[in-house]
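I have placed the structure first, in the form of structure tokens, so that the comments after it can refer back to it.
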Amino acid sequence: MVDDQKPCFEFETYHEGENKILKISTERCSFPPSIEYSELCMSKVVETLLQVTGVTTIILTQQREYEYDYPQTTLLNELGRLYKKINQEERFAYASIVVDPLHERYTAGSYAQFQQIISKNLKEDPLKAYVLLKRLEVRERTKLKNLIDERHAQSQQKFLLIIQDVIQRLESLRLIQLLLPHLQEFELGKREMYNYIFHPTTRPDFMYTKLISEFPEGNLMESYSFGPEGSESEVNIFQFDDDVKTLYHLTPPEFTFEEELYQLLDDAKRILSEHNPTREEFVNPQRMREVFFNIGRDLLTDLARQRHLKLNDEKVDLLAQALLRYTVGFGLIEILLSDARVQDVNINSPNGSLPIFIVHQDYGDCYTNIYPTPAEADSWATKLRLISGRPLDEANPILDTELKVEGFTSRVSALTAPLNPQGLAFSFRRHRDYPWTFPLYLSPKINMMNSTGAGLLSFLIDNNATILIAGTRSSGKSSLLGSFLVEILRRTRLITLEDTFELPGDSLRKLGYNIESLRVASALATAAGTEVDAATGIRSTLRLGDSAIIVGEVRSKEAVALFEAMRVGAAANVVAGTIHAASPYGVYDRVVNDIGVPKTSFKAIDIIVIVNPVISGLKKFKRVLRVTEVRKEWEDDPLREGGFVDLLVYNPKTDELEVTDELRNGNSDILKRMAGSIKEFAGDWDSVWNNIQLRADAKQAMVDEFARTGDASLLEADFVIKANDLFHLIAEKVKEEKGYPDARQILFEYKEWLKKEVRKKKM
């Protein structure tokens, strides 16, 4: 209520990390809380800075918080010091300037104007003060030229030197230096030019996170909106002529609310904050969110009724969603992760002084207009502990978990002291809404591999290869592994093991897969807990019956158990996983030399797939760089003894995954071994190659239909799984009819089926 508000411009100071914050209440002030728009506000801020020292950040509060960061505060501190010095120096005082009574009568108006400039204009509008002083200098110089009386001339010369001294001091101010290039736009009484300098981050009281709402001066590359109708968030992408960085500028729906709704949300949040969710409530986060949404909705309805605010159901739901995000949720992180084009969201320490960074599917690495505060970061850390049941403290400075919210799922990594001495850091990796598929990877926009690569991998997966996908961080390993699952026929039982769920288990379950998702302890955990370690988890899968085994990531000693699973499972089902390495030998070095897997066990790998980003100018593109088979006839070093044979290798000049001579000539021990167990392929390399090419053509046919119709759903898992089923059914039917798998006939019938399905979708 108003009676609880602080008097106009009452202030407090406090420390937040290395920053000294000056927080000023302007709730009862008649002027806007804006240094750039209000001369009275700017004047009072400068006066306040003269009362306190060492301020690095200024916050003005009036329904929202308006924060001016260190560079902006430095400009005002410098202005305050100059203002104080000029107005305290005796030689600028009226009594010191006016020593000749006759000269005083002659130029009394000029003296008064000078005093007005240095005592009033300087602190409320320094650029105006500068312009008025320059004009006064010209006028007084003209007077000096016309003076005949030498006594008057001496006094006038002294006055002119004082004016010039103040002008020089003003020109030394960084604020004036920044404004001078825009001087031709200046009009007395107008303050628009200060917008070039002062850009406060803003946030309503119910939020912790700060946000710069002003658009920068840059090149607008794209604007788009996302989110449910009526609560869309707006994104503007900016690039700059003099900066290689790209800005992702977000305007969330809550920043379009009226001021009365901000107050409503602030009061509702204050009431809800009295309840601290327990660990038991976080066991089922989705259920907890439903409960809190309903509670928030009822609370907002009651508060609105008390204040005679007429809100329709849609507006109340919109407010309740915002309230949910800023109480039990993750604030603007949830908005960012709801953008399907955002792949990663990263928060660095120290919190409050750095923006959130994202990776955008079309613009790569971007910085945002969002600045999370230390309070917000602490809140996220607490919620992640409750959701995961895992510690995050000095004894356990690393936490890996997953975040599931309606609209997105994400893998989360959090770091704290002592590993991260400056505070908390987070990385949210957004999972795609639907599983990746081979046809998606073939599409021109993604182009991660070509149809030949897809055909070969499809053949290997169907014939139960043991496969490791290797690459650097953020190379697309887990996404590619997820697409492998789509290639496995739904009649096969799948068991996945991960320390943090990233594979699309829930999506595949809904699509009819027989899949069991197991969660094991993080390899990065520094203390023992109740979770089963990865090695035990892998060995347990061998007792669960005939299953394909998929391991999210090979990090440590669990590799020994994985290779045991590979040796046991290779004859019956596909076994696959991911590992950090940049080359086939890098995989060997990591597995054998670093982790300690015996060389004989390493030979259980059939295929190593290398994925990594390739760089073109300022852009990165994810590509499959090579598909390499691991031969078994070597003793000490697979690199020297020919243990690695490339089947496909990426050519950066053509941006294509190209067939090697070994594959073209059928010089592949793995493929020959697989063919040997299939009646139609045994001893017939041409039949093997024709089947690989048939699979490639079938995948490409789907991409071609997408290009013809523009129907992106043809590339998604739901349709791709259906197409894979029909491909195998058609192949089986043709084989029974003709006595052999006639590739031409299979492809013809498959394409005919595909065309019919596309026509059905249009109806």
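Looking at region 16-40 only, could you name the residues that are touching a Ser or Thr at 6+ places or on another chain (Cβ under 7 Å) and either of a type in the set (Asp, Glu) or surrounded by 22 or more Cβ atoms within 10 Å (Cβ to Cβ) (or both)? The answer is 22, 24, 26, 27, 33.
Within region 13-36, the presence of at least one residue that is within 38 Å of the chain's Cα centre (by Cα), in a strand (DSSP E or B) and without any contact (Cβ under 8 Å) to a residue 12 or more places away in the chain is confirmed. If you go through region 663-700 and keep only what is among the charged types (D, E, K, R) and either at pLDDT below 95 or in contact with a Cys (Cβ under 6 Å, 6 or more places away or on another chain) (or both), you end up with 664, 669, 672, 673, 679, 680, 684, 686. One residue stands out among those in region 650-688 that are β-branched (Val, Ile, Thr) and part of a helix (DSSP H, G or I): the one that is nearest to residue 720 (Cα to Cα), which is 688. Taken over region 659-677, the residue count meeting the criterion of being touching a Leu at 6+ places or on another chain (Cβ under 7 Å) and open to solvent by 60 Å² or more (accessible area, probe 1.4 Å) is 1. Yes or no: region 732-740 includes at least one residue that is touching a Ser or Thr at 6+ places or on another chain (Cβ under 9 Å) and open to solvent by 50 Å² or more (accessible area, probe 1.4 Å). Checking region 732-740: at least one residue is touching a Ser or Thr at 6+ places or on another chain (Cβ under 9 Å) and open to solvent by 50 Å² or more (accessible area, probe 1.4 Å). Taken residue by residue, region 615-627 has no member that is within 20 Å of residue 438 (Cα to Cα), free of Cβ contacts under 8 Å to residues at least 60 places away in the same chain and of a type in the set (Ser, Thr, Tyr).
When residue 612 is tested against the conditions (1) among the polar types (S, T, N, Q); (2) within 30 Å of residue 240 (Cβ to Cβ); (3) without any contact (Cβ under 8 Å) to a residue 12 or more places away in the chain, the lone failure is (3). Annotation for region 689-712: at least one member residue is surrounded by fewer than 13 Cβ atoms within 10 Å (Cβ to Cβ), within 46 Å of the chain's Cα centre (by Cα) and not in a helix (DSSP H, G or I). The set of residues in region 328-350 being of a type outside the set (A, V, I, L, M), part of a loop (DSSP other than H, G, I, E, B) and open to solvent by 30 Å² or more (accessible area, probe 1.4 Å) consists of 341, 348, 350. Residue 43 passes every criterion in (1) closer than 23 Å to residue 85 by Cβ; (2) touching a residue at least 60 places away in the same chain (Cβ under 8 Å); (3) loosely packed, with under 15 Cβ neighbours inside 10 Å apart from (3).
Within region 299-327, if we keep just the residues that are surrounded by fewer than 19 Cβ atoms within 10 Å (Cβ to Cβ) and β-branched (Val, Ile, Thr), the residue that is farthest from residue 271 (Cα to Cα) turns out to be 316.
Screening the candidates 229, 217, 222, 274 for the property of being surrounded by fewer than 18 Cβ atoms within 10 Å (Cβ to Cβ), modelled with pLDDT of 95 or more and outside any helix (DSSP H, G or I) yields one hit, 222.
For region 632-658, filtering for residues that are under 22 Å from residue 615 (Cα atoms) and either hydrophobic (A, V, I, L, M, F, W, C) or exposed (fewer than 13 other Cβ atoms within 10 Å of the Cβ) (or both) leaves 7. Might you let me know whether region 540-550 holds any residue that is open to solvent by 70 Å² or more (accessible area, probe 1.4 Å) and modelled with pLDDT of 85 or more? Looking through region 540-550, none of the residues is open to solvent by 70 Å² or more (accessible area, probe 1.4 Å) and modelled with pLDDT of 85 or more. The single residue among 491, 473 that is closer than 16 Å to residue 547 by Cα, open to solvent by 10 Å² or more (accessible area, probe 1.4 Å) and not in a helix (DSSP H, G or I) turns out to be 491. Out of 699, 672, 653, 622, I need the residue that is farther than 27 Å from residue 748 by Cβ, among the charged types (D, E, K, R) and touching a Pro at 6+ places or on another chain (Cβ under 7 Å). Which one? It is 622. Taking the conditions (1) open to solvent by less than 50 Å² (accessible area, probe 1.4 Å); (2) modelled with pLDDT under 85; (3) not in a loop (DSSP other than H, G, I, E, B) in turn, residue 486 satisfies each one other than (2). Only one of (1) in a strand (DSSP E or B); (2) modelled with pLDDT of 85 or more is not met by residue 211, so which one is it? Condition not satisfied by residue 211: (2). Please specify each residue of region 232-246 satisfying the condition of being open to solvent by less than 10 Å² (accessible area, probe 1.4 Å) and aliphatic (A, V, I, L, M). Those that are open to solvent by less than 10 Å² (accessible area, probe 1.4 Å) and aliphatic (A, V, I, L, M): 235, 237.
Looking across region 49-86 at every residue that is open to solvent by 60 Å² or more (accessible area, probe 1.4 Å) and part of a helix (DSSP H, G or I), the one that is farthest from residue 170 (Cα to Cα) is identified as 70. Meeting the requirement of 3 or more residues that are open to solvent by less than 20 Å² (accessible area, probe 1.4 Å) and closer than 30 Å to residue 625 by Cβ, the helices (runs of 4 or more DSSP H) wholly within region 368-463 are 438-442, 451-462.
The values are calculated or read from the model by the stated rules, or taken from the named source; none is laboratory data. As the structure is a computational prediction, the values presented were derived from the model and not from experiment. FYI the Cβ positions are ideal-geometry reconstructions off the backbone, even for glycines, and counts take in every protein chain you see. To get the accessible areas, we keep the full protein, side chains included, count just its heavy atoms, and leave off ligands, DNA and RNA. Shrake-Rupley method; radii C 1.70, N 1.55, O 1.52, S 1.80 Å.
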